[in-house]
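For reference, the structure discussed in these notes is given below.
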Amino acid sequence: MQAIKTNGSNLALCGNPPGCTIKLRKEAKLQGVNTVKVWDCASTCYDPTFISQGGADVEGEYVSLGILPFEEAKAVPMEAQFLKYTGRDKANVYSVLAFAQGLLLREAVAALVEKSGPDALTRKNLFTALDGIHKFDAGGMLAANPDVAQKKVSPCYILLQVKNGAFVRVHPTKVGTFDCNPKNVIQRKLDLLKE
């Protein structure tokens, strides 16, 4: 908070679990910080506890996602199934990504067994099968990855904002869509150990 005050920062981002952002926002209010125009949070803030624990202090917070918001699950049957069995109160970015990894594993095993039979399922062959998966979106729950095997970063995202105590889609505005402009991916060299 001291760095934000000293520098008159107009952007603040905490990329850790929701508690980090909640504490940051509460401390900003306590210290009367008013220079920040954009409060941003990584997808980790898309959690059922974020708004309930943060209350009015997290109003206006932006949250970028690479997953389809749970509020739009009717548009994607796989996400509706995920919510049905996981429970809305336990659904967050971590749980949906873990579920998606299971779907990726299932896809690789199915491809391997189809190609070489069930006896071919070994660790080495499984990794080879995973290397053969390029496009993957976990049944529409995730932003499409251009090449999983090559570990490419997806340019796709959705931007939400906390408005009136709820997550609201602000970009792109059309339900069930992602902004996938290739220009969304930029490369930067950072020295993260530098003071």
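The values are calculated or read from the model by the stated rules, or taken from the named source; none is laboratory data. What you see is a predicted model, and the numbers here were worked out from it, not measured in a lab. No Cβ is skipped: glycine too gets one built from the backbone with ideal geometry, and neighbour counts run over all protein chains shown.
Taking segment 65-84 as the region of interest, how many residues are within 16 Å of the chain's Cα centre (by Cα), part of a helix (DSSP H, G or I) and among the small types (Gly, Ala, Ser)?
1
Across segment 142-195, what is the total count of residues that are of a type in the set (Asp, Glu), under 24 Å from Ala98 (Cα atoms) and over 15 Å from the mean Cα position of the chain (by Cα)? Talk me through it step by step, then tell me what you get.
Taking segment 142-195 first, the residues of a type in the set (Asp, Glu) are 147, 179, 191, 195.
Next cut, under 24 Å from Ala98 (Cα atoms) only: 147, 179.
Adding the requirement that they be over 15 Å from the mean Cα position of the chain (by Cα) leaves 147.
Counting residues in segment 142-195 that are of a type in the set (Asp, Glu), under 24 Å from Ala98 (Cα atoms) and over 15 Å from the mean Cα position of the chain (by Cα) gives 1.
Just to be sure before I move on: is Thr6 part of a helix (DSSP H, G or I) and either on the phi < 0 side of the Ramachandran plot or in contact with a His (Cβ under 9 Å, 6 or more places away or on another chain) (or both) in the structure I sent?
Working: part of a helix (DSSP H, G or I): yes; either on the phi < 0 side of the Ramachandran plot or in contact with a His (Cβ under 9 Å, 6 or more places away or on another chain) (or both): yes.
Yes; evaluated as a whole, the condition is true for this residue.
Taking the condition of being surrounded by fewer than 12 Cβ atoms within 10 Å (Cβ to Cβ) and either of a type in the set (Asp, Glu) or assigned to a helix (DSSP H, G or I) (or both), how many residues in segment 30-41 meet it? It would help to see each step written out before you state the result.
To start, the set of residues in segment 30-41 that are surrounded by fewer than 12 Cβ atoms within 10 Å (Cβ to Cβ) comprises 30, 32, 34, 37.
Now restrict to residues that are either of a type in the set (Asp, Glu) or assigned to a helix (DSSP H, G or I) (or both): 30.
Looking only at that region, the number is 1.
Pairs needed: first member in segment 13-28, touching a residue at least 40 places away in the same chain (Cβ under 8 Å); second member anywhere, hydrophobic (A, V, I, L, M, F, W, C) and buried (at least 19 other Cβ atoms within 10 Å of the Cβ); C-beta distance under 8 Å; at least 6 residues apart or different chains.
Thr21/Cys14; Thr21/Trp39; Thr21/Cys41; Thr21/Cys45; Thr21/Phe50; Thr21/Val58
Among (1) in the same structural domain as Ile158 (by TED's automatic domain parsing); (2) loosely packed, with under 14 Cβ neighbours inside 10 Å; (3) in contact with a Pro (Cβ under 7 Å, 6 or more places away or on another chain), which single condition is Asp89 missing?
(1)
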